[in-house]
Amino acid sequence: MKQSGIYKLAKKNPLAVIGIVTCVIWLIAAIIAPLIAPYGPFTQDLPMRYDSPSTEHIMGTDHLGRDVFSRVIWGARISIPAGVIVIVISTLFGGLYGAIAGYMGKLTDEAMMRVADVVMSFPPIILAMAIAAALGPSIMNAVFAIVIVWWPRYARMMRGLVLSTKEAEYVSSAVALGEKKAYVLLKTIVPNCVAPLLVMASVDLGNAILIFSGLGFLGLGVAPPAAEWGVMVAQGVAIFQYWWISFFPGVAILTVAMGFNFIGDAFRDMLDPRLRRQI
Amino acid sequence: MKKYFALLVAISFIFILAVGCGDPEDIDTEAPDQEAETEEVEDKQVVMGINPEYNTFDPAHAYEKSATMIMKVLYDNLVTFEGEDTVTPRPMVAESWEISEDNKTYTFDLQEGIEFTTGNTLTAEDVKWSFERARDLKGNPSFLAENIKEIETPDDYQVVITLHEVDPSFLSKLTQSVFGILDSQVVQEQGGTQDDETDDAKSWLDNHSAGSGSYILDKFVPNDELILVKNDDHWATQPEIDRVVFRHVSEPSTQMMMLQKGDIDFAFDLDSEQIEMLKGDENVEILNSNTFSIFWFHMNMDPEIGGPVSEPKVQQAIRYALDYDGLTDLAGNDAFTPYSIMPVGFLGALDPEDGIEQDVEKAKQLLEEAGYPDGFEIETGVIPGMAPDGVSFMTMAEKIQADLAQVNITMNISQEEVSIYLEKYRSGEHQTNVSMWGPDFPDALNQLAFLPGQTVGLRANWTEEMNPELAELGHQARTEVDDEARKELLEEIQRQVLETGPYAVFVQPVRALAHSNDLTHVLYTPAFQLDILTLDRQ
Amino acid sequence: MGLFQYTVRRILFLIMVLIGVTIAAFIISNTVPGDPLVANLGQTAMSDPEIVERYERRWGLDRSLPEQYLIYMSNLLQGDMGTSIRSQRPVIDDLKQYFPATFELATLATLLSIIFGLIFGIISAVKRNKLIDHFVRAISVTGISMPAFWLALMSLYLFYFLLDIAPGSGRLSADFSGFSLQTGFLIIDSISAGRFDILKNALYHMILPALVLAGATMGIITRTVRSSLLDVMSQDYLRTARAKGLNETVVIMKHALLNALIPTLTIFGLSYGNLLGGTVLVESIFDYPGLGWYAYISATTLDFPAIMGATILIALVYSVMNLLVDVTYGIIDPRVRY
């Protein structure tokens, strides 16, 4: 029975399955990186510099003779957790911020949301770049910079949910029955917003990883010798006649982001009531 | 469905058409403008691919390394170096000169009848005005003129310069772009003054030249392109190339591709690996040039900041721990490790063969003697993404990191953007860092900055009190006019610095450039880089 | 509320947000840990207190932050954004030089992404859950997930180096390097000078970076067109139209598409930000001298007058774009006004 369920899903939404499989593979790779990487991520081998892909180094070696495959695998341990942390913090902070704004209403709401508007009037990578540059390059600073860019969209969504629920009849009746309004809101809103939050978070995860690697590429992320994908792509730019140095880390970014996007898309389709209706 | 398909095809078609329009052959055959076409055939044009740091061509401000070769053809100086020589200044605008007994007063007789590209005549007054402006605007290169006390012009073609202090390298300095002679009348018309507060001419001078040089600045769009056009009426030299275009191409790999495709004639910023790849290309010629730059590992002498690395034994251990062969390999193009702070090519530079070699056992032993058998942790400031003279700071740092790990020293790289790095470096706040020094003017005296109490020494908090004898040797060398005596002093200084200095000098790069093989008479010198005046093409 | 009032309200709102933007940019550029003054002065110039002091006075660095902000704002209103520490030129001149290049590029990328996004979206919706739908959706998600800097690099290598069908770098080939710009917009300048060879050459140089930039936006538009088309198609009046026996294509083109365009328009305003942001990552690889490149270089050299100028301008363009989208939206669909 179970098998046929997966089969059905695969037939109806093959992309979601591809996404899940990709993400699971990457997660496993990240967890058991030391076991599957044939070389250490920092092991230099100068005579083997710029070696093209071969049986010994299946993705070739970089400018210090380090094994690109091993570094790509280890890279999953930086980018994926970084993306997850960004999304978790943004969701929590943005959600709380939006809930407070929506609950307080009036001037507080107005003032709080204008701040969110200001943040949202920058293209994400521009603002993240400026903040990361000002703070100096490090993983934590990059994560922080992306969180600053990211939280307003969660705040907006949460505020919308709170506003629409606040006036709902069952809330006012519960309040009339003597329950605290905040408590009621919490009780009704939390279950209501889990689904949309999940969709948003899974779609954004791919994006967050993209921006994170973008900062790495610009030299505003992780310090070498850390194996971060964006940094690895950047290291190949100076010499992309040796295409493998940039190519494989880029593929890693692409597949991870794609995996999360496929899953996010499938979530959205599932939860979007309009689309569930068959034509 | 068919209709969508047709639409898709139609749009793809439009798209392909758009791309097709730009087909390179199209451009060549169709480029219609007849006048432009015929003109281009007669004119000799050279296109350079460069990732330059220049941003101004005002002699009082331009100080960037890549500006040197351009300033040299835009402005004439009193004296100049010829070819690869950087020791004997030769007459240029000054026909001849005399130096007073006390070595403080220089009297120059100027060539008569030199015209600026603006048509005005170059006189002693222009020299005086230009030099005073260079000194008083307080731009980056102004310190080169700081020593000038007074300039007199007894007549239109004589200039008398009096210095505050004796300076054996003064004539060397006069060859530098800061002493380019401006048409004072035109610059003043453009708002030029001799005061930083009121001077308005800089932005004009960034886009125009007001000199008497062999080329005229035709167009400068920062980070895009720079165009030089030949000055047909130059009083002395007539170069072969009519038009020189410098295109901004930031990535070495793009420069290499463009060179191979013939889109540029000259690639300035290739790294050693690309040079290797280009060696098989018969349309490309490789050119190696010495540099006067040195790279070293910088250690702080202040125990509070440096910790273990402030101890002489530890410093010596680190010098023994480095794999110099590996580092020079990574620097590529026959780079080598100089003896110490004096780059090969300068007066008194000692033979690199006699320098230090890697000896991991000795390094470990020294560390044990210093009380660190189990090593320690250090932080090293590094600028990412910069590779002056083709040597990447980060690559060097990553290699040093691996070398130091062998003697149990854990090195953490702190990635710092240029400005942050420089601030920490200049104020001596780095525990250690990977540094580079290119001399301001081609003279051995530059390197005295590494001594205790001097510019670079102080960046390691190496004060004069810490080593007064060495500091004194430096003072003597600075004012010694006799070359032989100076040489001996410089040699002794190098020996002592290698023993006691907070530096592990590891690379003096050899810069490699590549150009298409129809360029001829390509001369590249460490002091002035590419000599545009001799360049020709078949 | 009428369209006019709505527009006025939105413009007032925009001004308010922009003031916020300047404050944000100002705060960021002042959290820089390094002292840009020290870092940008020459090696020897730093030891001269007179030069240091003069610099400080010139940048207002010796005043308090709020004062510095007010100085900056009052100058900004007079069109003076200070002098870039790195380029030593007025920031406004730098922006004037770099902005047109990016605007041209972004416009072309926009056109490409709308064209492809529409086509893919329609196909995908019409053939829902068929193989071609999955295929098109895979392409659009790939576009969204693509690291732009990597795609730029790979396409330059492939199309320029290996296949030789795209140009190397910059805005024009070296043969046209003497062409002097009047407005800064190559397309306008070349047409007004009657130099169609230059126009062609400029487009030729733009096409690859534009395609790379268009990737993500195209993906987002495809997705939106698809879902809004599906939404509209399931509605009753279309069922009626279909029941009347109208041709399926006519139904989609005439009825569904127009309605589906409205949400697409909104999403376009938002994804324009991605497009502008992408220039930061892409322009440096193509050596395309535009605003994205300028913003990046200024950020990494901590040239804060320039960082402020660039981020404020980019935010301004982005906000104005969204304003235009919203007003257009208001014209098309009066229901949204409030």
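Every number here is computed from the coordinates shown, using simple stated rules; none is lab data. Predicted model only: the values in this text are computed from it and were never measured. Because the Cβ atoms are built from the backbone with ideal geometry, glycine has one as well, and the counts that use them run over all protein chains shown.
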Inset, instruction - Report, by chain and number, residues whose modeled amide H sits under 5 Å from the one on A:Phe240, excluding near sequence neighbours (fewer than 5 apart, same chain). - result: B:Ser253
Legend entry - Rg over Rh, two decimals, segment A:190-279 (C-alpha only, Kirkwood Rh): 1.17
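With r defined as the distance between the Cβ atoms of C:Lys130 and C:Ser192 and R0 fixed at 60 Å, what FRET efficiency is calculated, to the nearest 0.05?
Efficiency, from the Cβ-Cβ distance: 0.80.
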Legend entry - Angle in degrees between helix C:131-145 and the longest Cα principal axis of chain C, rounded to the nearest 10: 10
Legend entry - Dipole magnitude of segment C:100-289 about its Cα centre (Cβ charges: Lys, Arg +1; Asp, Glu -1), debye to nearest 20: 940
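Please express the shape of segment C:284-337 as an equivalent ellipsoid: the semi-axes are the square roots of 5 times the eigenvalues of the C-alpha gyration tensor, given largest first in whole angstrom.
So the equivalent ellipsoid measures 33, 13, 6 Å along its semi-axes.
Cα convex hull of segment A:5-278: how many Å³ per residue? Don't jump to the answer; show the numbers that get you there.
Working: hull volume 45.3 nm³, N = 274.
Looking at segment A:5-278, the number lands at 165 Å³ per residue.
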Inset, instruction - Could you state the orientation-averaged shadow area of the convex hull built on the Cα atoms of segment C:49-206, in nm² to one decimal? - result: 15.9
Inset, instruction - Quick one, can you get me the convex hull of the C-alpha atoms of segment B:112-176 expressed as volume per residue in Å³? - result: 101
Inset, instruction - Please name which of C:Phe179, C:Leu229, C:Ile19 has its Cα lying farthest along the dipole of the protein assembly as shown towards the positive end, using unit charges on Cβ (Lys, Arg +1; Asp, Glu -1) and the Cα centre as origin. - result: C:Leu229
Inset, instruction - Would you work out if chain B is rounded, prolate or oblate? Take a ≥ b ≥ c from the square roots of the eigenvalues of the alpha-carbon gyration tensor; rounded if a/c is under 1.5, else prolate when a/b is larger than b/c, oblate otherwise. - result: oblate
Legend entry - the protein assembly as shown, dipole about Cα centre (Lys/Arg Cβ +1, Asp/Glu Cβ -1), debye to the nearest 20: 11060
Inset, instruction - Divide by every residue of the protein assembly as shown the summed helix terms, -39500 (n - 2.57) for each DSSP H run of at least 4, and state the resulting mean residue ellipticity at 222 nm, rounded to the nearest 500 deg cm²/dmol. - result: -17500 deg cm²/dmol
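Charges only on Cβ, +1 for Lys and Arg, -1 for Asp and Glu: so what's the dipole of chain C about the Cα centre, in debye to the nearest 20?
1720
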Inset, instruction - Give the longest segment of chain A that steers clear of trypsin sites (Lys or Arg not before Pro) in DSSP loops with at most 16 neighbouring Cβ atoms within 10 Å, not counting the sites themselves. - result: A:1-179
Inset, instruction - Just need the Rg to Rh number for segment B:447-516, please, alpha carbons only, Kirkwood Rh. - result: 1.11
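Does segment B:56-153 come out rounded, prolate or oblate, given a ≥ b ≥ c as the square roots of the eigenvalues of its C-alpha gyration tensor, rounded meaning a/c under 1.5 and, failing that, prolate meaning a/b above b/c? Intermediate results must be reported in sequence, preceding the final value.
Details: a/c = 1.22, a/b = 1.14, b/c = 1.07.
In terms of gyration-tensor shape, rounded.
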Inset, instruction - Report, in order of residue number, the helices in chain A meeting two criteria: a C-alpha extent of 20 Å or more along the helix axis, and a mean Kyte-Doolittle hydropathy of at least 1.0; treat each whole DSSP H run as one helix. - result: A:14-31, A:68-104, A:181-217, A:244-271
Inset, instruction - Go through segment B:150-181 and name the GluC sites (Glu not before Pro) that are in a DSSP coil and have 16 or fewer other Cβ atoms within 10 Å of their Cβ. - result: B:Glu165
Inset, instruction - Can you quote the Å³ per residue value for the convex hull of the Cα atoms in segment C:100-289, rounded to an integer? - result: 138
Inset, instruction - Hey, could you get me the Stokes-Einstein D for chain C, Kirkwood radius over alpha-carbon pairs, 20 °C and 1.002 mPa s, rounded to whole µm² s⁻¹? - result: 94
Legend entry - Reachable lysines from B:Lys364, criterion Cα separation under 28 angstrom, eight or more residues apart if same chain: B:Lys313, B:Lys399
Inset, instruction - Take each uninterrupted DSSP H stretch in chain B, measure its Cα extent along the helix axis, and return the ones at 15 Å or beyond whose mean Kyte-Doolittle hydropathy is at least -1.0. - result: B:2-21, B:393-406, B:468-479
Inset, instruction - Compute the FRET efficiency between B:Glu165 and B:Asp354 as 1/(1 + (r/R0)^6), taking r as their Cβ-Cβ distance and R0 = 35 Å, and round to the nearest 0.05. - result: 0.55
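Hey, could you get me the Stokes-Einstein D for segment B:388-528, Kirkwood radius over alpha-carbon pairs, 4 °C and 1.567 mPa s, rounded to whole µm² s⁻¹?
Approximately 73 µm²/s, per Stokes-Einstein.
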Legend entry - Where Rh is the Kirkwood radius over Cα pairs, Rg/Rh for segment A:31-135: 1.26
Legend entry - With 10 Å bins from 0: P(r) over segment A:172-237, alpha-carbon pairs, percent: 19, 25, 17, 15, 14, 9, 2
Inset, instruction - Any chance you could give the angle, 0 to 90 degrees and rounded to 10, that helix C:3-29 forms with the longest Cα principal axis of chain C? - result: 40
Inset, instruction - Restrict the search to segment B:317-411; then list the GluC sites (Glu not before Pro) that DSSP places in a loop and that have at most 15 other Cβ atoms within 10 Å of their Cβ. - result: B:Glu357
Legend entry - Förster-model FRET efficiency, 30 Å R0, B:Glu240 and C:Gln78, C-beta, rounded to 0.05: 0.05
Inset, instruction - Using only C-alpha atoms and all pairs of different ones, pull out the Kirkwood radius for the protein assembly as shown in Å with one decimal. - result: 32.4
Legend entry - Helix C:291-300 axis, angle to chain C major axis (alpha carbon atoms, nearest 10°): 50
Legend entry - Anisotropy class of segment B:294-508 from Cα gyration tensor, a/c 1.5 cut: rounded
Inset, instruction - Could you tell me which of B:Leu110, B:Ser435, B:Ala124 has its Cα farthest along the dipole of chain B towards the positive end, charges placed at Cβ (Lys, Arg +1; Asp, Glu -1), taken about the Cα centre? - result: B:Ser435
Inset, instruction - Just the number, please: Stokes-Einstein D of segment B:290-336 in µm²/s, Kirkwood Rh from C-alpha pairs, 4 °C, 1.567 mPa s. - result: 105
Legend entry - Dipole of the protein assembly as shown, positive end: most advanced residue of C:Gly309, B:Ala317, B:Val284 [Cβ charges, Cα centre]: C:Gly309
Inset, instruction - Find the Cα radius of gyration of segment C:95-182, compare it with 2.2 N^0.38 Å by division, and give the number to two decimals. - result: 1.45
Inset, instruction - Distance between Cα centroids, segment B:447-480 to segment B:43-64: provide it in whole Å. - result: 34
Inset, instruction - Could you pull out the GluC sites (Glu not before Pro) across segment A:148-195 that fall in loop regions by DSSP (anything but H, G, I, E, B) with no more than 16 other Cβ atoms inside 10 Å? - result: A:Glu167, A:Glu179
Legend entry - Cα principal axis extents for segment A:107-179, largest first, Å: 54, 22, 16
